[in-house]
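Only one structure is covered here, and it is reproduced in the block below.
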Amino acid sequence: MITIGHRGASYGRFSIKPGQSRSLYGSRARDYSKWALIGVTMDLAEYGRRARAWLDAHPPTGDDVAAARSYMADLYDAGYSGITWPAEWGGQGLTQAEERAFAAVARDYTLPIYVFSIGLGMCGPTLVDLGTPEQKTRHIRRLLRGEDIWCQLFSEPGAGSDVAALQTRAAEDNGEWVVNGQKVWTSVAQHADYGLLLTRTDPSVPKHRGLTMLIVDMHAPGVTVRPLKDMTGRAHFNEIFFDDVRVPADCVVGQVGEGWNAAVTTLLHERLSISSGVGMSGEKDNPTSFAALSKVADTSDPVVRDQLVELYIRSRALALFNQRLAQETKAGIFPGARGSAAKLLLAELTTFSADLAVDLVGPEALVEGHPLANALALSPALALGGGTNEIMRNIVGDRVLNLPPEPRVDKNVPFNELKVNS
Amino acid sequence: MNLLLSAEQQDLRAAVRSFLSNVNPRDGYDPAVYGRMNGELGLAGLVIPDEYGGAGGGISDLSVVLVETGAALLPGPFLATTLATLALLECPDKELLSGIAEGRINAALAWEDRPLVLGGMEADVLILVTGEPSLVAVEGFGREPVETIDITRGMARVSLDGATTRVLGRPSDRVHDLAMVAIAAEQLGVLRESLAAIVSYAKVRVAFGRFIGSYQGVKHKLADMHCALEQAESLVRHAAWTADAAPDELPLAAALAQAYVGRACFQAAKDSLLLHGGIGFTWEHDAHLYFKRAKSDEVLLGPPRLHRSRLAALLGLS
């Protein structure tokens, strides 16, 4: 399963794996185990064996959303959803060790939980970090059990890489917020019950300061979700319109005007959850892999052999880099912005390998329905979703190499005096 | 698989880095420096077994050292003696190995069909790989110095006429594989330092009223170089690990490391030089020393296409 989305991206193949312990079930940005209730310490090997037995006994029953909800509920009831999340709010309150043990086993299965990935990977962890006790009580358990599907509403047509330039307005009215505007690139919004919505509440201050994050009911009057057909010919994500949507005051996440900090928290979790391979198909299903192409290409041609060697070199170099990041993470060295280097390399490898694959196979590869036709059409997704290649290079330059930042002409200018996209 | 450095290896790295911080690549071979390096730090005997007076370390330990000697562009025969030592480990000779471990003997690895030998002028003994294949210790050989573009490290044109030879045994392909890993480790150091030099410069050099590192035209290139460094480091650690712990995987890992790191190293040295601007083209600046070492290393065991051909064969492409 491969799904793309600007901010809420999950990547089915070549999953970046900066750490074994990261999965959709938890977060490595923060070790929730500090909230853990001290319980019976189960032998980890036994924990893994039980998880495997459970997964064997519970094959997915279908690939629609209803089946996914039912699967998620079973997974939660069995104790395998929210493993490291605080028990107080409905998590299991266990440690990264159990999390890793489960992830190691789950890698051998395809869990039908994609539709929950934004909630589990980004929205939920943000609520755990910043939500009020009431918000956590209301949402976390339901989210973990698959009763609610969540989406993340940051990007707009006029604010992509520069998400703080967003224009969706939330105005106070009789103790409620009234939202007007448009969001885009929103994965799973067509199924979502709730969204984390970033809005502008004060246009008179510089752009990062006038933002507020809200929990929005996706079924509320005035919310319109439209699938957005992308270059693959399918709709992997949506555009969302807000017309006088009323949001109660107790749905603010964090503080009013502190939305940028909340968004940074969410994006940190996003970067971590992108790396997750749980529930996604693995390298074995990738039609542009070295293994797949060396079977179908004409290797009697020395040029073809060298092209395949190039693919092998790049794939292995990245795989080993990811493994090193994973081992570092396990050893307590947090990869930080170096994960952006891995994401950039993956995006470049993905476009390179799809391009090469079609060259090697020839015109047949472009026939509708051929896996390579789809792979080629999908290949730019990774270079755009979760931050473009240019943004990744900025991050590596600024935060890994500590290069001087670019001058920001908009930094201290009130938002309503800025040049914006219209 | 282990791709991380142990605490001991981190200490080793720090010690070597600190020792080499005073080395000037333009000073040439200084036996006094080598005396301290092999005495205090015991680097010549690092991978030589205890029974021959060495430290009994692994290829992973050695690669930590070679990254640092590469980054410092250490002049003299360290790499040459190391390559010869790795070959000798395949056909151990007590006298030679203990002499190297004590720092008494400089050696150089040579191939029968290649008269240009790295470290040939400083070598007391040549460890020669012949077509048989056999490994032969050669003394009393003829030589004349050859100046190459890499002024930090000399080569010699060697003649075997009238030399004394002694067959040491039959080496496996591992000799070649270990040489590839060792050179990849050195290249990783050259790459790392090439990047570090231009990153430092980009933080202080001003053009059009801004530090040049703030321009995306510069920053993005440096980000790409960092990506190459991360991958190169992973490949070198992996290749070294296979040499120590998974010998069956060594041939593929070694060819992979050499094919990627050799190229990436020269690219980084070239881009670092270019991004320095005109100053990088001057004799006085060190950028060209890295540029030239990178190219010398890249072709030392044959150009990248040979490693790519070897990869194709190992991967069963034909």
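When segment A:215-234 is limited to residues that are within 16 Å of A:VAL184 (Cα to Cα) and assigned to a strand (DSSP E or B), the one that is most open to solvent (accessible area, probe 1.4 Å) turns out to be A:LYS229.
One line per residue, one yes/no per condition, for (1) open to solvent by 40 Å² or more (accessible area, probe 1.4 Å); (2) more than 21 Å from B:LYS295 (Cβ to Cβ); (3) not aromatic (Phe, Trp, Tyr):
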position	(1), (2), (3)
B:VAL65	no, yes, yes
B:PHE78	no, no, no
B:THR82	no, no, yes
B:LYS94	yes, yes, yes
B:GLU112	yes, yes, yes
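In segment B:303-311, the condition of being of a type in the set (Gly, Ala, Ser) and at pLDDT 95 or above is met by at least one residue. If the condition is being more than 10 Å from every other protein chain (Cβ to nearest Cβ), touching a Gly at 6+ places or on another chain (Cβ under 9 Å) and not aromatic (Phe, Trp, Tyr), then segment A:404-415 contributes only A:PRO414. Within segment B:1-44, the residues that satisfy the criterion of being closer than 21 Å to B:ARG293 by Cβ and either within 14 Å of another protein chain (Cβ to nearest Cβ) or of a type in the set (Asp, Glu) (or both) are B:ASP27, B:ASP30. Scanning segment B:119-133 for residues that are at pLDDT 95 or above, open to solvent by 20 Å² or more (accessible area, probe 1.4 Å) and farther than 15 Å from B:ARG166 by Cβ gives B:MET121, B:GLU122.
Within segment B:234-244, is there a residue that is assigned to a helix (DSSP H, G or I), within 11 Å of chain A (Cβ to nearest Cβ), buried (at least 22 other Cβ atoms within 10 Å of the Cβ) and of a type in the set (Lys, Arg)? Checking segment B:234-244: at least one residue is assigned to a helix (DSSP H, G or I), within 11 Å of chain A (Cβ to nearest Cβ), buried (at least 22 other Cβ atoms within 10 Å of the Cβ) and of a type in the set (Lys, Arg). For segment B:185-218, taking the residues that are assigned to a helix (DSSP H, G or I), in contact with a Lys or Arg (Cβ under 7 Å, 6 or more places away or on another chain) and facing another protein chain (nearest Cβ under 9 Å), the one that is most open to solvent (accessible area, probe 1.4 Å) is identified as B:ILE212.
Among the residues of segment B:16-28, those that are open to solvent by 40 Å² or more (accessible area, probe 1.4 Å) and not in a loop (DSSP other than H, G, I, E, B) comprise B:ARG17, B:SER18, B:ARG26, B:ASP27. For a quick check of your reading of the model, give me the residue pairs whose first member lies in segment A:123-143 and is of a type in the set (Ser, Thr, Tyr), whose second is surrounded by fewer than 18 Cβ atoms within 10 Å (Cβ to Cβ) and in a helix (DSSP H, G or I), with beta-carbon atoms closer than 8 Å and at least 6 apart or on different chains. So the pair list comes out as A:THR132/A:ASP250. Considered as a group, the residues in segment A:367-403 that are acidic (Asp, Glu) and within 14 Å of chain B (Cβ to nearest Cβ) include one that is least open to solvent (accessible area, probe 1.4 Å), and that residue is A:ASP398.
Taken over segment B:38-58, the residue count meeting the criterion of being closer than 30 Å to B:HIS288 by Cβ and either modelled with pLDDT under 95 or open to solvent by 40 Å² or more (accessible area, probe 1.4 Å) (or both) is 2. Facing another protein chain (nearest Cβ under 7 Å), aliphatic (A, V, I, L, M) and touching a residue at least 40 places away in the same chain (Cβ under 8 Å): is that true of B:LEU252 in this structure? So B:LEU252 does not fit the description; no.
Can you work out which of the residues in segment A:292-333 that are in contact (Cβ under 8 Å) with a residue 24 or more places away in the chain and β-branched (Val, Ile, Thr) is most open to solvent (accessible area, probe 1.4 Å)? Among residues in segment A:292-333 that are in contact (Cβ under 8 Å) with a residue 24 or more places away in the chain and β-branched (Val, Ile, Thr), the one most open to solvent (accessible area, probe 1.4 Å) is A:VAL296.
Mind counting the residues in segment A:232-259 that are among the polar types (S, T, N, Q) and within 23 Å of the chain's Cα centre (by Cα)? Full working, then the answer.
Initially, segment A:232-259 is screened for residues among the polar types (S, T, N, Q), giving A:232, A:238, A:255.
With within 23 Å of the chain's Cα centre (by Cα) added as a condition, the list becomes A:232, A:238.
Qualifying residue count, segment A:232-259: 2.
On inspection, A:PHE154 qualifies as among the aromatic types (Phe, Trp, Tyr) and under 30 Å from A:VAL409 (Cα atoms). Summed over segment A:58-113, the residues that are touching a Ser or Thr at 6+ places or on another chain (Cβ under 6 Å) and open to solvent by less than 30 Å² (accessible area, probe 1.4 Å) give a count of 6. Taken across segment A:365-384, residues that are under 30 Å from B:ARG210 (Cβ atoms), out of contact with any Phe, Trp or Tyr (no Cβ under 7 Å at 6 or more places or on another chain) and either of a type in the set (Gly, Ala, Ser) or modelled with pLDDT of 95 or more (or both) do occur, with at least one present. When A:LEU345 is tested against (1) at the interface with chain B (Cβ under 7 Å from one of its Cβ atoms); (2) out of contact with any Cys (no Cβ under 8 Å at 6 or more places or on another chain); (3) open to solvent by 20 Å² or more (accessible area, probe 1.4 Å), just one condition goes unmet, and that condition is (2).
The values are calculated or read from the model by the stated rules, or taken from the named source; none is laboratory data. Bear in mind the structure is a predicted one, so any value in this text is a computation, not a measurement. Cβ sites come from the backbone with ideal geometry, for glycine too, and all protein chains shown count toward neighbours. Please note that ligands, DNA and RNA were not included when accessible areas were found on the heavy atoms of the full protein model with its side chains. Shrake-Rupley method; radii C 1.70, N 1.55, O 1.52, S 1.80 Å.
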